[in-house]
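Trainee: Below you'll find the structure I mean.
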Amino acid sequence: SGENPSTLQWQNARSTMALLDGQLPYVLAVGNHDLGINNAENDSTRLNEFFAPSDNPLVDPAQGGILKGLFESGRMENAYFEMAAPDGRELLVFSIAWDPDLAVLNWASRIAGQSRYDDHTAILLTHNYLTSEGQRSDQGEFLWNNLVAKHENFEIVLNGHFGGDGVDYLASVGDQ
């Protein structure tokens, strides 16, 4: 089903993304239907079975790729990356999985708050943040209050999960 990926769907996703390996760096964000057997009833995912940093040399830190750190060793669900934008700006990109706990956000906040990232544009990729009505969801509020609002270098959050036309916008002023 489209709701809970089967082995074939994971294989198809891997083979499709493989077209980008060595051509373009990419960052994946885990959603509720990527976790658990039915719908995020636990934190198990097959992401790490089908996607590894070493698959793409432009992501693999051992090959000079953009991946800089993981919340949990060997698990790509919560990670951060550094790269240069086409206009030359330095980017700090976080991928935070569905329904993160405070430990994950504290980890990301410590990274975002490092002085070495003061001049970076920070971006958060997550699955659940802004609703189709342009308001933060409960998870979005949790992410906002415990990560995004705390750091002036965050400029954008991108998410999925909610239906509608997929285009909404909310401008907010953080603590900084």
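The values are calculated or read from the model by the stated rules, or taken from the named source; none is laboratory data. In this text the structure is predicted, and so the values were computed from the model without any measurement. Cβ atoms come from the backbone with ideal geometry, glycine included; neighbour counts cover every protein chain shown. Ligands, DNA and RNA are stripped out before the accessible areas are found, and what is left, the full protein with its side chains, is counted by its heavy atoms. Shrake-Rupley method; radii C 1.70, N 1.55, O 1.52, S 1.80 Å.
Trainee: Remind me, what semi-axes does region 47-158 give for its equivalent ellipsoid, largest first in whole Å, using sqrt of 5 times each Cα gyration tensor eigenvalue? Each step should come with its number before you reach the end.
Mentor: Details: eigenvalues 99, 61, 35 Å².
Each semi-axis is √(5λ); the values are 22, 18, 13 Å.
Trainee: Considering only DSSP beta bridges with both partners in region 93-176, what is the antiparallel share in %, to the nearest 5? Please report the intermediate quantities before stating the final value.
Mentor: Working: 1 of 9 bridges.
Within region 93-176, antiparallel bridges account for around 10 percent of the total.
Trainee: In a shell of Cβ-Cβ distance under 13 Å around His120, excluding His120 itself, what net charge do Lys and Arg (+1) and Asp and Glu (-1) give?
Mentor: Net charge in that neighbourhood comes out at -3.
Trainee: Please work out the C-alpha center-to-center distance from region 101-148 to region 48-94 and express it in whole Å.
Mentor: Region 101-148 and region 48-94 have Cα centres spaced 17 Å from each other.
Trainee: Only helical DSSP H runs with n ≥ 4 go in: add -39500 (n - 2.57) per run for the chain, normalise by residue count and round the 222 nm mean residue ellipticity to 500 deg cm²/dmol.
Mentor: On the way: 4 runs with 35 residues, N = 176.
Taken over the chain, the calculation gives -5500 deg cm²/dmol.
Trainee: Roughly how many percent of the accessible protein surface of region 51-96 is carbon and sulfur, given a 1.4 Å probe and a whole-percent answer?
Mentor: Numbers: 1080 of 2070 Å².
Its accessible area is 52 percent carbon and sulfur atoms.
Trainee: Among Ser115, Val59, Asn78, whose Cα sits farthest toward the positive end of the charge dipole of region 37-159 (+1 at Cβ of Lys/Arg, -1 at Cβ of Asp/Glu, about the Cα centre)?
Mentor: Of the listed residues, the answer is Ser115.
Trainee: Just check region 81-136 against the gyration tensor rule for me: Cα atoms, a ≥ b ≥ c as the square roots of the eigenvalues, rounded for a/c under 1.5, and otherwise prolate or oblate depending on whether a/b exceeds b/c. Spell out each step's value before the answer.
Mentor: Numbers: a/c = 2.44, a/b = 1.36, b/c = 1.79.
Note, shape of region 81-136 comes out oblate.
Trainee: Contact order normalised by length for the chain, with contacts defined as Cα pairs under 8 Å and 6 or more residues apart; what percent is it?
Mentor: RCO, the chain: 16 percent.
Trainee: Separate question: Convert 25 °C to kelvin, take the viscosity as 0.890 mPa s, use the Kirkwood radius over C-alpha pairs of region 103-165 as Rh, and evaluate the Stokes-Einstein diffusion coefficient in µm²/s, rounded to a whole number. Write out the running numbers ahead of the final one.
Mentor: Working: Rh = 12.2 Å.
This corresponds to a translational diffusion coefficient of 201 µm²/s.
Trainee: Shifting gears a bit: With every protein chain left in place, what is the accessible area per residue of region 43-84 in square angstrom, probe 1.4 Å?
Mentor: On the way: 2030 Å² over 42 residues.
So region 43-84 comes to 48 Å² accessible per residue, rounded to a whole number.
Trainee: For the chain, give me the percentage of DSSP beta bridges that are antiparallel, rounded to the nearest 5 percent. Spell out each step's value before the answer.
Mentor: Numbers: 11 of 21 bridges.
Antiparallel bridges: around 50 percent, rounded to the nearest 5.
Trainee: Modelling each spin label as a point 7 Å along the Cα-to-Cβ direction, I'd like the Ser115/Ala171 distance in nm, to one decimal.
Mentor: Here the modelled spin labels are 3.2 nm apart.
Trainee: Right, here's the next one. Could you pull out the trypsin sites (Lys or Arg not before Pro) across region 52-126 that fall in loop regions by DSSP (anything but H, G, I, E, B) with no more than 16 other Cβ atoms inside 10 Å?
Mentor: On the way: sites: Lys68, Arg75, Arg89, Arg110, Arg116; in loops: Arg89.
Those that pass, being in a loop and sparsely packed, are Arg89.
Trainee: Can you pull the percent of region 100-148's accessible area that's carbon plus sulfur, 1.4 Å probe, other chains left in place? Intermediate values should be presented prior to the final figure.
Mentor: Numbers: 970 of 2140 Å².
Carbon and sulfur atoms account for 45 percent of the accessible area of region 100-148.
Trainee: Going by average Cβ density within 10 Å per residue, which order do the peptides 125-133, 13-21, 56-64 take, highest to lowest?
Mentor: So the peptides 125-133, 13-21, 56-64, ranked by packing, come out 125-133, 56-64, 13-21.
Trainee: For Val27, what charge total do you get from the other residues with a beta carbon under 12 Å from its beta carbon, if Lys and Arg give +1 and Asp and Glu give -1? Let's see the in-between values first.
Mentor: Numbers: positive: Lys68; negative: Glu77, Glu82.
Neighbourhood net charge equals -1.
Trainee: Same structure, new question: Pairs of alpha-carbon atoms within less than 8 angstrom and 6+ residues apart define the contacts here; what relative contact order does region 93-142 have, in percent? Don't jump to the answer; show the numbers that get you there.
Mentor: Values: 38 pairs, mean separation 21.4, N = 50.
RCO, region 93-142: 43 percent.
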